[in-house]
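Okay, structure first, notes after.
The values are calculated or read from the model by the stated rules, or taken from the named source; none is laboratory data. In this text, all values refer to a predicted model and were calculated from it rather than measured experimentally. Glycine also receives a Cβ, built like all others from the backbone with ideal geometry; neighbour counts cover every protein chain displayed.
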Amino acid sequence: MSVPFSADAVRATTHDIVTAHASLEGPLLPILHAVQEAFGFVPQDALPVIAQGLNLSRAEVHGVMSFYHDFRTEPAGRHVLKVCRAEACQAMGTNALADKLKRRLGIDWHGTTSDGAVTLEPVYCLGLCAQSPAAMLDGELFARLDDDGVDEMLGGIGK
Ligand code: FES
């Protein structure tokens, strides 16, 4: 998927974000969130600016990013589908559900369908453990998901 921002725009915006957050205690996570908010993902060109601003190595910034599943390194599709992979949902069959979704969408975790419609992301507890398995599509929660529920959920976006 092509990146819709120039490297200069990414560097300038990231520099402003780093400056605005630099005095915070533990500024890295707020900065990464703000960069993702600005671009919809954390572009590669943002990493050296963040690293330099916080006196960290690029590897350290990258390590934090990959530890937290919330951060994207690529632009998301028009719809973001988050499927819970935490314990209660696993006990209620979320892995099989996710496998079906992956086959149906033709993508793996963190992938985006070739038409740019849907990005599939794992999430670790949506707070609906008693009604698992659960998922969230564009911020809307879906509980006790079964095949019919998946059809209904994806039907709304034409998938
Ligand atoms: S474990 Fe899936 S919603 Fe809590």
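Things to note:
- Single residue of G111, G106, G116 found to be more than 16 Å from the ligand (Cβ to nearest atom), in the same structural domain as L137 (by the TED database) and in contact (Cβ under 8 Å) with a residue 60 or more places away in the chain: G116
- Among the criteria (1) out of contact with any Gly (no Cβ under 9 Å at 6 or more places or on another chain); (2) closer than 23 Å to G40 by Cβ; (3) away from the ligand (no atom under 11 Å from the Cβ); (4) of a type in the set (D, E, K, R), the one D151 does not fulfil is (2).
- Each residue in region 3-17 was checked for being part of a loop (DSSP other than H, G, I, E, B) and either in contact (Cβ under 8 Å) with a residue 24 or more places away in the chain or surrounded by 13 or more Cβ atoms within 10 Å (Cβ to Cβ) (or both), and 3 of them qualify.
Quick grid of which residues meet (1) touching a strand residue (DSSP E or B) at 6+ places or on another chain (Cβ under 8 Å); (2) within 15 Å of the ligand (Cβ to nearest atom):
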residue	(1), (2)
V83	yes, yes
P133	yes, yes
D147	no, no
G156	yes, no
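- Q44 meets the conditions (1) assigned to a loop (DSSP other than H, G, I, E, B); (2) surrounded by 15 or more Cβ atoms within 10 Å (Cβ to Cβ) in every case but one. The failed one is (2).
- Residue match in region 18-35 (condition: of a type in the set (V, I, T), over 30 Å from A135 (Cα atoms) and in contact (Cβ under 8 Å) with a residue 12 or more places away in the chain): yes
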